[in-house]
Amino acid sequence: MHPAPSVIAFTTLSGLGFGLLAFLGIGLPPVTGWVAFVFFFLGYALAVGGLLASVAHLANPKNAIKAFSQWRSSWLSREGIVAVFALLVMTVFAIALIFFGVRLRLVGLIGALLCLGTVFTTSMIYTQLKTVPRWNMWTTPPVFILHALGGGALLAGQPRLAAVLLASLGALMVWAWIVGDEKGRAGSTMETATGLGHIGKVRLLEPPHSGENYLLKEMAYQVGRKHAFKLRLIAFGLGIVLPVLLMLLLPVTHTTALVAILAHLVGIFAGRWLFFAEAEHVQALYYGR
Amino acid sequence: MTTLPQSTEKKLGLVIDLDTCVGCHACVVSCKEWNTSNYGAPLSDIDAYGAEPHGTFLNRVHSFEAQPESGCSQTVHFPKSCLHCEDAPCVTVCPTGASYKREEDGIVLVNEDDCMGCGLCAWACPYGARELDEIFGVMKKCTLCVDRIYNENIPEEDRIPSCVRTCPSNARHFGDLSNPESNVSKLVAARGGMDLMPELGTKPVNKYLPPRLKDQPSDAALEPQHNDAKGLFAWLDKALENI
């Protein structure tokens, strides 16, 4: 699948932002006043910035407002609605905390659950697609949620919790890579795609057109697979191992936290790029790819 | 709502005969011609006369080669467009309500006034039947020529999809696949019409008729037929050998 920068930025940044907001909602760290303002500002900047980046992915954004209408069937629609609710509820909590020094515990808890709900609905957009077997696995939602929680814990200054969450994320990511590799296209082949398997082995003799088209650009991306192993090392080393070691072995200062967060960011960008780039769509079978 | 109808009154669709398709791409051209000037936004072309032309098409013809374990391979031309699935995954993922399946005839359509061009429906389709138009930013797909089949302003023989009307080898058939007495249903029954990628559970309405297997030449037919010449040729044969 084509790794569109807008979608990578959206899923990673908004995931981090909603992860941080979820921790703030349950009182971690227990900040008030201007310090709380800075934390909430960071959470909102990441969450809203990510959501705005996703709009850049739309070819006809003037109709984006209509995306709130189809919550009964569409995970993308549900994501939009849950995100708006999460941001609104957290705003009430944040205003009470920053300006009035009041901690509305129930509101914060509901806000935190809605933040995680947003990340879950984002993950379901990918998980639901039977056409992309590497995404269509039970691991996709927990990987997205652990990304948000692990990165959120780093940003919220919770070293122990961040280490545990990121270690779990690392284990699950590796598991998903292995199972995803084995799964391939989940039984779909050029023979099932064309129905010609009863004659014999099928290959593409002539593509329908000599040039590229939307289908090939969007759903037959091939660069990422070549570098999959290196990118996995970068994602695992920088996204997981380095932050976990920093959080567990060194005294937590602003410098170690900053290094851990930046390494984590680079790691998850690489990992999320790969999440798209190495995912194979069954449609590409019609092009012998 | 982009939920699917429980059932549809008719199941209008195509039956494509892989045995008779000659791969001429006439259906591709006629589809583009009709649909670029009728329903919805035109089907744009980019760099049409340049080095890297590309554009939006609703119907494309692939050519495959199937190789049996022994003997000759078989070339199969393979037209592919929207299959108007009963359980269409492209419809339910749509967040704006632009994609829908019609209750009266089962045609899957995009209301371009609602489409925001997110492309998720194209991701959900296993068949590559939806293409986002690069210039107009809306999702394009086969409409089963909904603006022809009910159109009383054109002659009756033209009230079928453009690709079916134009096919010179009669490889494309249009009709109601929910009616077992329709021509298309009879064709499917007689020729073992099949679904593409049935493992994905989309229940396509369009069916493909498998190519007939090629005759295997018998070994006897390949044997030399004139081993022992008679008469004049026998004498000639002998005379030439003695020179």
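The values are calculated or read from the model by the stated rules, or taken from the named source; none is laboratory data. Everything numeric here is computed off the predicted structure, so don't read it as measured data. Because the Cβ atoms are built from the backbone with ideal geometry, glycine has one as well, and the counts that use them run over all protein chains shown. With ligands, DNA and RNA removed, areas are computed over all heavy atoms of the protein, side chains included. Shrake-Rupley method; radii C 1.70, N 1.55, O 1.52, S 1.80 Å.
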- prompt: Out of every Cα pair in segment A:156-230, what percent are spaced more than 14 Å from each other?
  reply: 79
message: Set the bar at 31 Å for Cα to Cα. Now go through B:LYS141/B:LYS214; A:LYS130/A:LYS226; A:LYS130/B:LYS11; A:LYS217/B:LYS101; B:LYS10/B:LYS80; A:LYS66/B:LYS207 and name every pair that lies beyond it.
response: B:LYS141/B:LYS214; A:LYS66/B:LYS207
- request: Please report, in cubic angstrom per residue, the volume enclosed by the convex hull of the alpha-carbon atoms of segment A:1-128.
  value: 104
- prompt: In square angstrom, rounded to the nearest 10, how much accessible surface does B:SER7 have for a 1.4 Å probe?
  reply: 80
message: Out of the GluC sites (Glu not before Pro) in segment B:46-103, which ones are loop residues according to DSSP with at most 12 other C-beta atoms within 10 Å?
response: B:GLU69
query: What accessible area, summed over both chains, is buried at the A-B interface (1.4 Å probe, Å², nearest 100)?
result: 4700
message: I want to verify a result. In a Gaussian network model of chain A, Cα cutoff 10 Å, which of these has the top mean-square fluctuation: A:ALA96, A:ALA64, A:ALA163?
response: A:ALA64
field: Distant-in-sequence amide H partners of B:HIS62 (H built 1.01 Å from N, under 5 Å)
entry: B:PHE78, B:LYS80
field: Per residue value of the accessible surface for segment B:157-243 (all protein chains in place, 1.4 Å probe), Å²
entry: 68
- line: Using a 1.4 Å probe on heavy atoms of the protein chains only, the accessible area for A:PHE85 in Å², nearest 10, reads 120
query: Going through segment A:209-289, which GluC sites (Glu not before Pro) have at most 13 other Cβ atoms within 10 Å and a DSSP loop state?
result: A:GLU212
- prompt: For chain A, with every protein chain kept in place, what is the accessible area per residue (1.4 Å probe, Å²)?
  reply: 43
Residues in segment A:64-91 occluded by at least 10 Å² - accessible area, probe radius 1.4 Å, against chain by itself: A:LYS66, A:ALA67, A:SER69, A:GLN70, A:ARG72, A:SER73, A:SER74, A:LEU76
query: Toward the positive end of the charge dipole of the protein assembly as shown, about the Cα centre and with charges on Cβ (Lys, Arg +1; Asp, Glu -1), which of A:ALA94, B:LEU18, B:ASN183 goes farthest?
result: A:ALA94
message: Accessible area of segment A:1-128 with a 1.4 Å probe: how many percent of it is carbon plus sulfur?
response: 80
field: Top of B:LEU213, B:LEU177, B:LEU43 by mean-square fluctuation, Gaussian network on chain B, Cα under 10 Å
entry: B:LEU213
- prompt: Viscosity 1.567 mPa s, temperature 4 °C: Stokes-Einstein D of the protein assembly as shown from its Kirkwood Cα radius, in µm² per second?
  reply: 50
field: Accessible area of segment A:157-289 belonging to carbon and sulfur atoms, whole % at 1.4 Å probe
entry: 70
- request: Can you check how the C-alpha radius of gyration of segment A:79-129 compares to 2.2 N^0.38 Å, as a plain ratio?
  value: 1.31
statement: Quick calc, A:LEU88 & A:ALA56: beta-carbon distance into FRET formula, R0 22 Å, rounding 0.05, result 0.40
message: I'd like to check one number: the per residue accessible area of segment B:46-98, probe 1.4 Å, reported in Å² as a whole number.
response: 37
field: Orientation-averaged projected area, Cα convex hull of chain A (nm²)
entry: 17.0
- prompt: How much of the accessible area of chain B, in percent, comes from carbon and sulfur atoms when a 1.4 Å probe is used?
  reply: 51
- prompt: Per-residue HN-Hα couplings for segment A:266-276, Karplus 6.51 cos²θ - 1.76 cosθ + 1.60 at θ = phi - 60°, whole Hz, x for Gly and Pro?
  reply: 4, x, 6, 4, 4, x, 6, 4, 5, 3, 7
Overall Cα dimensions of segment B:117-243, principal axis frame, Å, largest first: 84, 36, 32
message: Counting only helical runs of four or more DSSP H residues, what would the 222 nm mean residue ellipticity of chain B come to if each run contributes -39,500 (n - 2.57) and the total is spread over all its residues?
response: -5500 deg cm²/dmol
task: Considering only A:ILE81, A:ILE145, A:ILE268, give the residue with the highest GNM mean-square fluctuation for chain A, with springs between Cα atoms whenever their separation is below 10 Å.
output: A:ILE81
field: Selection of chymotrypsin sites (Phe, Trp or Tyr not before Pro), segment A:117-217, meeting DSSP coil and at most 15 other Cβ within 10 Å
entry: A:TRP138
- request: Would you calculate a helix-derived [θ] at 222 nm for chain A, using -39,500 (n - 2.57) for each DSSP H run of n ≥ 4 and dividing by the full residue count, to the nearest 500?
  value: -22000 deg cm²/dmol
task: Answer rounded, prolate or oblate for segment B:12-221, using the Cα gyration tensor with square roots of eigenvalues a ≥ b ≥ c: rounded when a/c is under 1.5, else prolate when a/b is larger than b/c, else oblate.
output: prolate
task: Just read off the accessible area of A:GLU182 with the full protein assembly in place, 1.4 Å probe, to the nearest 10 Å².
output: 150
